[in-house]
Amino acid sequence: MEGLRANLRRVLDSLPAGVRLVAVSKFHPVESILTAYAEGQRLFGESHVQEMQAKHPLLPSDIEWHFIGHLQTNKVKYIVPYVSMIEAVDSFRLLAEIDRQASKCHRVVDVLLELHIAKEETKYGLTFEACRALLDDGAWRNLSHIRICGLMMMASYVDDEEQIREEMTAAADFFDEVKSRYFADADYFCERSWGMSHDYAIACECRSTIVRVGTTIFGEREY
Ligand SMILES: *Cc1c(COP(=O)(O)O)cnc(C)c1O
């Protein structure tokens, strides 16, 4: 636990002003979350609905939970009552379901749109083209119980720092385009969520406002 405290402090100390830390606690026990909480950390990230459901009632109510994993529409209803942000939204269908469930509990839920930029094969995330198409369509403007607060992405999992930097810079440039085309007057559209344990330092140089760090704080996960 002393290791965890020191790790957390080291990560926090290395972040520039204006960058928030999501402590990614997936696969780590409630005790580890409480240790980080005792150090003042209030923002935690989980990527599995069942796991977040199990932990959330056991922990202090002033924790902000970011759901950072791929979310299936049929599970939205479980987390919408308390989740603080859903970071990886990559379809209109998912946006609409979050809106529908949020409306039922009289909430407005903050979300980020997930981009697919990495050269790796993954089913998730919007290409720039798909993201523009979703926003051009305009139907999202009728969803009054969600608030699109920015963009999220995962860079390729590689050692090549230049490739990571290129992908994050592309995301930051695309953020500027989306901001000016669709959200120029929306102060809340301000979040750029990129950077994990192996690349959060690069992310901070590429205008990240949220880094999502797990292993560097909590240690290796045991699946
Ligand atoms: C697990 C996860 C992280 C944290 O990864 P680490 O390498 O442990 O820091 C960040 N973002 C997402 C989307 C994740 O699923």
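With a requirement of 2 or more residues that are touching a strand residue (DSSP E or B) at 6+ places or on another chain (Cβ under 7 Å) and more than 16 Å from the ligand (Cβ to nearest atom), the helices (runs of 4 or more DSSP H) lying completely within segment 129-220 that satisfy it span 161-182. If you go through segment 16-38 and pick out every residue that is polar (S, T, N, Q), out of contact with any Gly (no Cβ under 9 Å at 6 or more places or on another chain) and in contact (Cβ under 8 Å) with a residue 40 or more places away in the chain, you end up with 0. Selection of segment 15-46 for residues being over 16 Å from the mean Cα position of the chain (by Cα) and over 19 Å from residue 62 (Cβ atoms) yields 15, 16, 17, 27, 28, 29. When restricted to residues that are more than 16 Å from the ligand (Cβ to nearest atom) and either among the acidic types (Asp, Glu) or outside any helix (DSSP H, G or I) (or both), segment 69-109 contains 11.
Going by the conditions given, is residue 117 within 16 Å of the ligand (Cβ to nearest atom), more than 24 Å from residue 177 (Cα to Cα), within 18 Å of the chain's Cα centre (by Cα) and β-branched (Val, Ile, Thr)? No. Among residues of segment 185-206 being closer than 15 Å to residue 149 by Cβ and not aromatic (Phe, Trp, Tyr), the one that is surrounded by the most Cβ atoms within 10 Å (Cβ to Cβ) is 193.
Restricting attention to segment 39-57, and to residues there that are free of Cβ contacts under 8 Å to residues at least 12 places away in the same chain and assigned to a helix (DSSP H, G or I), which single residue is nearest to the ligand (Cβ to nearest atom)?
50
Regarding segment 72-82, can at least one residue be identified that is out of contact with any helix residue (DSSP H, G or I) (no Cβ under 7 Å at 6 or more places or on another chain), surrounded by 16 or more Cβ atoms within 10 Å (Cβ to Cβ) and touching a residue at least 24 places away in the same chain (Cβ under 8 Å)? Steps first, answer last, please.
From segment 72-82, those out of contact with any helix residue (DSSP H, G or I) (no Cβ under 7 Å at 6 or more places or on another chain) are 72, 74, 81; that's our starting set.
From what's left, surrounded by 16 or more Cβ atoms within 10 Å (Cβ to Cβ): none.
No - not one qualifying residue is present in segment 72-82.
Let's see how each residue does on (1) aliphatic (A, V, I, L, M); (2) within 20 Å of residue 85 (Cβ to Cβ):
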position: 5; (1), (2): no, no
position: 54; (1), (2): yes, yes
position: 58; (1), (2): yes, no
position: 64; (1), (2): no, yes
position: 69; (1), (2): no, yes
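No value in this document is a laboratory result; all are computed from the given coordinates. The model shown is predicted, which means the values in this text are computed figures rather than measured ones. Neighbour counts run over all protein chains shown; Cβ positions are idealised from the backbone, glycine included.
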